[in-house]
Each structure stands twice: as C-alpha cells, then as structure tokens.
1. Grab the other residues whose beta carbon is less than 11 angstrom from that of residue 59, score K and R as +1, D and E as -1, and report the net.
2. In terms of solvent-accessible area of protein heavy atoms at a 1.4 angstrom probe, what is the ranking of 103, 82, 132, highest value first?
3. How large a share of the accessible area of the range 52-95, in percent, is made up of carbon and sulfur atoms when the probe is 1.4 Å and the other protein chains stay in place?
4. For 57, 119, write out the residues from largest to smallest accessible area, computed with a 1.4 angstrom probe and no ligands counted.
Amino acid sequence: MRKLLIGFAVLVVVAALFGACKKRTDEAPTSETVGTPETPATVEPPGGDPANGLALFTSADLGTSGKSCESCHPNGGTEGMEMEGMATEPLTGVKDRYPGIFEMMDPENEVTLAQVVNFCLTEAVEGEAWAEDSQEMKDMLAYLNSL
C-alpha cells in the first residue's frame, strides 16, 4: 500500500510539472515574441541567466543617477519601500503581473515587463534602454521571473 501511495504522489507531481511547463510554453512560444504586447512576457527569453540578472539589478553602473534597481526595490527586489512620496512594490511574482498596467508609465494601456525594465532604466537609473532581445534584458528578465 505504501508503494502505491508513493507511486501516486510521484504521478501527481509529474502531472503538475508537465501542466506548468505546458502553460509556460503556451504563453511565450518563441523568443521573437517574448515581451511583445501580443504575447505575455511571463517567461524569460532563451539564454537568460538569473545570476547575471541579479548582478545587473544590484549594479549602480547602469546609468548616471548612482542608483541601481535595488535602490527602489530592496533586498533583491523582494521588498518594497516608501520614498519621495511614492511606494514601490516587492517584485516577487512580477512575472504574473505583466503584461499589465504600470501607472507611472501608462495608466491606460498594458505594458510588458521588458518595457517596465526600460522605463526604470531610463527614468530612475538615468541610463540607456536595452533592446528587448539583448543579453542584458534576457538576463534581467530571467532574474525577475525567478522572484
């Protein structure tokens, strides 16, 4: 009986993993469409490295403001904070929020996570936007999607 229960539990876990993988594939079928308004950017583009994304997230060298992503999203993005009369949210689960509305950027239209990254890069960090298919963007999305 114990072996039967263990076998059933393994079957349930495998089925759940298969379903999750299928869902992620359905949401972003190709690297060319990841991050476009037509396709949710809930899966990092192929080739993204979360460790490199974290290094970018914590780097103050991405722009001229002396800020990093972590300046507004502390503890690797897992915490929010209040600053200058506004609040930032934790980035945990951010992959499930975009495409979506980002009030500071466009209060009426959905934007992708890659577009939000570029907004923060140009506005808060005072740096250059990244091409959505650049290695930096792939790495950043891989990190953010891991939260």
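The values are calculated or read from the model by the stated rules, or taken from the named source; none is laboratory data. All figures in this text were calculated on a predicted structure; none of them were measured in a lab. Cβ atoms come from the backbone with ideal geometry, glycine included; neighbour counts cover every protein chain shown. Please note that ligands, DNA and RNA were not included when accessible areas were found on the heavy atoms of the full protein model with its side chains. Shrake-Rupley method; radii C 1.70, N 1.55, O 1.52, S 1.80 Å.
1. -2
2. Listed by decreasing accessible area, they come as 82, 103, 132.
3. Using a 1.4 Å probe with all protein chains present, the range 52-95 comes out at 50 percent carbon and sulfur.
4. 119, 57
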